[in-house]
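One structure is given here, and the rest of the page talks about it.
The values are calculated or read from the model by the stated rules, or taken from the named source; none is laboratory data. Everything quoted here is computed from the prediction, not taken from an experiment. We place every Cβ from the backbone using ideal geometry, glycine too, and count neighbours over all the protein chains shown.
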Amino acid sequence: MPLPKVPTKGSVTRRGFAVLRVAIWEEPWVFAFSVLASALYGAMTVADGWALGWSTDHVIRPALERGDTTFGAVASLVSLFLGIAVLRAIGVVGRRVGAGVMQYRLQATYRQRVTRQYLKLPLEWHHKHPTGQLLSNANADVESTWYPIAPLPMAVGVIAMLAFATVAMFAADPWLALVGCLVFPMVFVANVIFQRTLQPLATRAQELRAAVSEVAHESFDGALVVKTLGREAAETERFKTPTFALQDANIAVNRARGAFDPVIEGLPRIGVLLVLLVGVGRVRSGAADAGDVVQVAFLFTLIGFPIRALGWVLGELPRSVVGWDRVQRVLTAEGGMEYGEAKLTSSAAARLDVSAVRFGYLPDRDVLAGVEFTVEPGRTVAVVGPTGSGKSTMTTLLTRLVDPEEGSIEVDGVDLRTLARGELAGSVALVAQTAFLFDDTIRGNITLGGDYADEEVWDALRIAQGDGFVKSLPHGLDTKVGERGTTLSGGQRQRIALARALVRRPRLLILDDATSAVDPQVEARILAGLRTAVQGSEAATTVLVIAYRKATISLADEVLFLDEGRIADHGSHLELQERSAAYRELVDAYEKDAARREEEAELAAELNDLDSEGASA
Amino acid sequence: MSAAEATRLDHGDEAGGLETLRQGLRVSPELARGWWITGLLALTMTAGRIVVPIAVQQTIDKGLSGPGGPDMSFVAWMCLVCFGGVLITAVASYFTTVRLATNSERGLATMRIKAFRHVHDLPVLTQSTERRGALVSRVTSDVDTVSQFLQFGGFIFLVSLGQMLLATVVMFVYSWQLALVVLVCFIPLFASLRFLQARMSAAYGVVRAKVGEMLSAIAEPVVGAQVVRAYAIERRTQQRIDASIEEFRRTSTRAQAITGITFSIGGLAAGLANAGVLTAGVLLGVGGHATLGEILAFMFLVALFSDPVQIATQVLTDAQSAFAGWRRVLGVIATPADVVDPGADGVTQQRGPIMIEFDSVDFAYPEGELVLRDVSVRLEPHRRVAVVGETGSGKTTFAKLLTRLMDPTSGAVLLDGVDAREIAFSSLRERVVMVPQDGYLFDSSLADNVRFGRPEVTDAQLLAAFESLGLTDWLESLPDGLDSPVGQRGESLSAGERQLVALVRANIADPDLLVLDEATSAVDPGTEVRVNAALERLMAGRTSVIIAHRLSTAEAADEILVFDDGRVVERGPHADLVTAGGVYSHLHDSWIAQRSSS
Ligand SMILES: Nc1ncnc2c1ncn2[C@@H]1O[C@H](COP(=O)(O)OP(=O)(O)OP(=O)(O)O)[C@@H](O)[C@H]1O
Ligand SMILES: Nc1ncnc2c1ncn2[C@@H]1O[C@H](COP(=O)(O)OP(=O)(O)OP(=O)(O)O)[C@@H](O)[C@H]1O
Ligand SMILES: [Mg+2]
Ligand SMILES: [Mg+2]
């Protein structure tokens, strides 16, 4: 049987039932089990009422009238009530455990599906969706989708219970049963009206809850900016708007609940009174006896509470549908990357061919256009370009985090798009511009779960010049670095990220301004280490490095000058310096600035001298 | 309190229930407003529930088996009276619900806002050691559980308590012997409840811990999407996530099973009580000590008595998570805002050139060694001071102390001779602004981000600010100019562009002291030199402290502070230091080597 479809339009209740159908389809056996248990519970609840009626007529009244009783009568009474209680308890446990198993299994299944999708969807998709929203899709939304599962078996059990009760009531006395046929549908209708009233109110409260969460998430994420600019009070004001709206929405929900609850609860009570009234008439006419009246009245008392489970299921449906829609938006999102079958087999330095690549984030705005170059194996190429010229964008293309709109990128002559999944990462490592660390240990951040011996980790750290500070940490490699690595200094974070790439001994290493937060001395040592490690023995690595500093650039065999998304020039550093004014302006900026200052200082000194001469004259 | 404790939030698993309630009421006094009216209403409401068993007893004893056979008019009258009772119950119930909801929602809104504000008042250290998600849940889901509990659990608790009491009273009025039988039958339940309750709270404690683990595992592929892809660690990430999801499922199901068993025990006790009442009732009735109506009424009373007991176990569990949530929220509010705003008692300083003094300042991060040692420096007004030193030597730490994002472990930071701890934040934050190492941008437009510090600034002033830093060309190259969206954390801009925006933002805030912590580290040299020259002009007459690895900044500064392993080892103008043969001249040598090697 195929997965039942949930219509995208239509009334909330209809769509809600469709979601329930999906739940049953996913977990048919658990559902069947808990419904059976629930039916047992329902039957035993009705049996309780019947037992009271039976014992009134057959044991209690005769005993009171005769002024005597037998041991057997009392024993049968006790065993009857205890037996029913035990069976009912079994039903209750089965129902609750079944509902729990079903609810949590569904949650787990859907959480796994959502997170699989997160791992599959391309980076672009991630950029378009706020972090807070994605986290709540996997957590709160999955949870609310399956909320109605908790009371569902009970509700189905209640339907069974009502069926049994109707039979029992008619068996006792048709007129009394008619009272039941009047009261129970009324309870049900009241429930339905209640849920209809509640739905829009509850949905609004839910939306506001999300709004509160969004403001808090963003505000706390930027807490440092808020603090440094002294905006705490203003942020609190911003938070107050959704908070007060949520307060009012919740009060409105409770007003509705406050109005309907007493009705739903009071109807069975009024039913009991009616039963008594009608019952007296029936007893007087001899059509019924006291036991029948008591039985029916007791049934009303017993059923009054469970019947509300129907309302609970209906009441959770709107939330469930909203959750379902939000989860589906993730599950049905298109655009996982396509992978081929090709493998990279070489173990020598990689060759890189980029031809006629065009790419833009927004339509009609190319960030890269006509980018074309080749890096021979073992060469080191520096990419130089002004801020915003598209250097980082290029690194994301080279590592196939995104695909170009036009043109192709090949490693060892193989188009990246034809490579098997995970194949590229075995050969190419990127150290991104902003070092991202996981909330994990230093070792975990470097190995990323890969199988590397401590020696290899230390080797990588040594080249990245991070071994010294890691050794001085109290737990060494096992030190936890905190969310996004907050307990480390900026330069320390960058060196961990560098070690992460180096430990993999990539055949193509891409460094995106990866030493910007490192002081010049350490940077010089890192570069020297890289030079020996990379170009040492057998030159097993091709390096593409984005840099501004001449030391880094001078390490390179050739330089690509990127300007406004185009390769403006390509050659050795000296060649470029000679023929490109824009390039000179960029790489010589510090020296020019220093020269300008010196001149100014000299000028100032001369002026000073003149002044003092003038004064002394 | 040790420094280590000071940076952690109180996660609230210790304080007792009453203590939590007291603290909670102190934070949200609205909760207790007119509590006695609510109490009276709740009492009225429970009273109405007791009418049904009484009606049954009266009907059977007087209506059905009256002297002249079934007595229709008596039953009719009695039913009418009871109907009135049911109506009164309904009305009282409505008002109880609404009052409870209004008071609790108002109280909790107050608490939410106080907690939100307090998170911002927490020391940066606490903010950065706590997971972002955990802080957010303090003002969202944690408060929601309390609200849920007060409105459902709390309501039911009130009603149940009254219902049990009244049922007990009526039972004793009808027959003390039968009442005793009922109570005895419930003793095993009460005895086992304590045990089950303990199991239940242990189980839910485990569940809460597993939720936390699951959430952080799920966050990995979301916040670290790029690294996960670039390193193709999807499989390992998925395994970790699956494992944590599975753990959560297992523990939750277990907790649910314990709850189920607890629940069923209430029903068992009711069954036992029913059997006991009927047996004892028959025996008593045979001796003429109980009427049929009384015995049957007892059955209804037992139901009234046992329902609350069953619900109470559920309510207790809800109460447990609600109280844990409540404690966590209160814990945030109670966590000392180490770096406290002296507020109205604080000094409000005159705007104008600022002088800074570090008076033998030591600083250690929690559980760490000293990161700054005995730092004593004085930065004169109008000065442009560069701070240089190796990575990890304490430069950022110095900047954070300077801007009072943290307080020294010992020693003092003085602004114009006044201890920073005594200056009102409103004054301090206006005078002193820092641009941190990674400038955070909010997910809105460029304009919103730039005027974040001063919302009253007009678009024309914004444009002028971009102009004065020489960034007009860049601004014009953006698709929507000032209205361009910057994306989450500013991710739609390049790293250098993000830093430029953060710079303009600080410049708009117009402080007396500007602290730049590697604020242009990702900007290309050409732009950096231009922006720095512009900043130099703009900051003329004010004080600025600039941390930079690119020593071009140091060359241009009036004075340089050289940090080495937490100490200021050298200070003076570039010309003096560069020839002194110390740390700075080494740093500078490698800088020159980098700058000009070719
Ligand atoms: N996610 C995005 N959405 C829209 N535009 C983007 C996005 N990411 C980058 N851009 C734009 O693309 C251009 C190139 O950005 P990129 O990050 O590649 O620059 P860069 O050369 O690395 O700059 P920097 O030196 O500052 O790191 C910039 O103008 C930037 O605003
Ligand atoms: N939140 C923190 N908790 C614990 N230790 C920290 C924390 N922040 C920084 N440290 C440690 O304090 C020391 C000084 O850090 P700081 O950030 O001041 O260095 P820095 O001079 O700014 O370095 P960089 O040039 O790399 O930015 C480092 O050893 C760092 O590991
Ligand atoms: Mg970049
Ligand atoms: Mg720093």
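Kindly provide the set of residues from the stretch B:118-132 that are touching a residue at least 24 places away in the same chain (Cβ under 8 Å) and either under 19 Å from residue A:234 (Cβ atoms) or at the interface with chain A (Cβ under 7 Å from one of its Cβ atoms) (or both), ordered by number.
B:118, B:119, B:121, B:122, B:124, B:129, B:131
Considering only helices (runs of 4 or more DSSP H) fully contained in the stretch A:501-580, which possess at least 2 residues that are surrounded by fewer than 21 Cβ atoms within 10 Å (Cβ to Cβ), on the phi > 0 side of the Ramachandran plot and within 16 Å of ligand 3 (Cβ to nearest atom)?
Per the criteria, no element qualifies.
Quick check on my filter: what residues within the stretch A:9-40 are within 21 Å of residue A:142 (Cβ to Cβ), loosely packed, with under 15 Cβ neighbours inside 10 Å and either in contact (Cβ under 8 Å) with a residue 60 or more places away in the chain or among the hydrophobic types (A, V, I, L, M, F, W, C) (or both)?
Across the stretch A:9-40, the qualifying residue is only A:25.
Yes or no, residue by residue, for (1) at positive phi; (2) more than 16 Å from ligand 3 (Cβ to nearest atom):
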{"position": "B:371", "(1), (2)": "no, yes"}
{"position": "B:386", "(1), (2)": "no, yes"}
{"position": "B:411", "(1), (2)": "yes, yes"}
{"position": "B:438", "(1), (2)": "no, no"}
{"position": "B:452", "(1), (2)": "no, yes"}
{"position": "B:460", "(1), (2)": "no, yes"}
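Considering only the stretch A:210-253, state which residues are more than 7 Å from chain B (Cβ to nearest Cβ) and not hydrophobic (A, V, I, L, M, F, W, C).
A:214, A:219, A:237, A:238, A:241, A:242, A:248
Looking at (1) of a type in the set (Ser, Thr, Tyr); (2) free of Cβ contacts under 8 Å to residues at least 40 places away in the same chain; (3) touching a strand residue (DSSP E or B) at 6+ places or on another chain (Cβ under 6 Å), find the lone condition where residue A:434 falls short.
Every listed condition holds for residue A:434 apart from (3).
When only residues in the stretch B:495-545 that are more than 8 Å from every other protein chain (Cβ to nearest Cβ) and in contact with a His (Cβ under 9 Å, 6 or more places away or on another chain) count, which is nearest to ligand 2 (Cβ to nearest atom)?
Among those residues, the one meeting the criterion is B:543.
Taking into account only those residues within the stretch B:561-581 that are of a type in the set (Val, Ile, Thr) and without any contact (Cβ under 8 Å) to a residue 60 or more places away in the chain, which is nearest to residue B:390 (Cα to Cα)?
Restricting to residues being of a type in the set (Val, Ile, Thr) and without any contact (Cβ under 8 Å) to a residue 60 or more places away in the chain, the top hit is B:569.
Given the condition modelled with pLDDT under 85 and either away from chain A (no Cβ under 11 Å) or over 34 Å from the mean Cα position of the chain (by Cα) (or both), answer yes or no: does some residue in the stretch B:475-486 qualify?
Yes: the stretch B:475-486 contains one or more residues that are modelled with pLDDT under 85 and either away from chain A (no Cβ under 11 Å) or over 34 Å from the mean Cα position of the chain (by Cα) (or both).
Being among the hydrophobic types (A, V, I, L, M, F, W, C) and surrounded by fewer than 23 Cβ atoms within 10 Å (Cβ to Cβ) is the filter; apply it to the stretch A:367-392 and report the residue that is farthest from ligand 4 (Cβ to nearest atom).
Filtering first and then ranking leaves A:369.
Taking the conditions exactly as written (in a helix (DSSP H, G or I), more than 24 Å from residue B:293 (Cβ to Cβ) and at pLDDT 90 or above), does residue A:14 satisfy them or not?
Here the answer is no, as residue A:14 does not meet what is asked.
If you check A:429, A:342, A:425, A:435, which single one turns out to be within 33 Å of the chain's Cα centre (by Cα), among the small types (Gly, Ala, Ser), under 23 Å from residue A:516 (Cβ atoms) and away from ligand 3 (no atom under 16 Å from the Cβ)?
A:429
Mind checking which residues of the stretch A:474-496 are within 11 Å of residue A:442 (Cβ to Cβ) and either more than 9 Å from every other protein chain (Cβ to nearest Cβ) or in a helix (DSSP H, G or I) (or both)?
A:475, A:476, A:477, A:478, A:479, A:480, A:481, A:485, A:492, A:493, A:495, A:496
Can you give me the number of residues within the stretch B:476-513 that are in contact (Cβ under 8 Å) with a residue 40 or more places away in the chain, among the charged types (D, E, K, R) and outside any loop (DSSP other than H, G, I, E, B)?
Residues in the stretch B:476-513 being in contact (Cβ under 8 Å) with a residue 40 or more places away in the chain, among the charged types (D, E, K, R) and outside any loop (DSSP other than H, G, I, E, B): 3 in total.
Got at least one residue in the stretch A:487-499 being within 28 Å of residue B:585 (Cβ to Cβ), away from ligand 2 (no atom under 15 Å from the Cβ) and among the charged types (D, E, K, R)?
no
Do you know which residues across the stretch A:446-473 are among the charged types (D, E, K, R), exposed (fewer than 13 other Cβ atoms within 10 Å of the Cβ) and more than 14 Å from every other protein chain (Cβ to nearest Cβ)?
A:454, A:455, listed by residue number.
For the condition touching a Ser or Thr at 6+ places or on another chain (Cβ under 7 Å), away from ligand 1 (no atom under 15 Å from the Cβ) and in the same structural domain as residue B:458 (by TED's automatic domain parsing), what is the one hit in B:576, B:483, B:564?
Exactly one residue qualifies, and that residue is B:564.
Would you mention how many residues in the stretch A:53-92 are within 18 Å of residue B:307 (Cα to Cα), crowded, with 20+ Cβ neighbours inside 10 Å and within 7 Å of another protein chain (Cβ to nearest Cβ)?
6
Being modelled with pLDDT under 85, under 23 Å from residue B:341 (Cβ atoms), in the same structural domain as residue B:330 (by TED's automatic domain parsing) and not charged (D, E, K, R): is that true of residue B:163 here?
So residue B:163 does not fit the description; no.
If residue A:316 satisfies every condition in (1) outside any helix (DSSP H, G or I); (2) of a type outside the set (A, V, I, L, M); (3) touching a Pro at 6+ places or on another chain (Cβ under 6 Å) but one, which is the exception?
(1)
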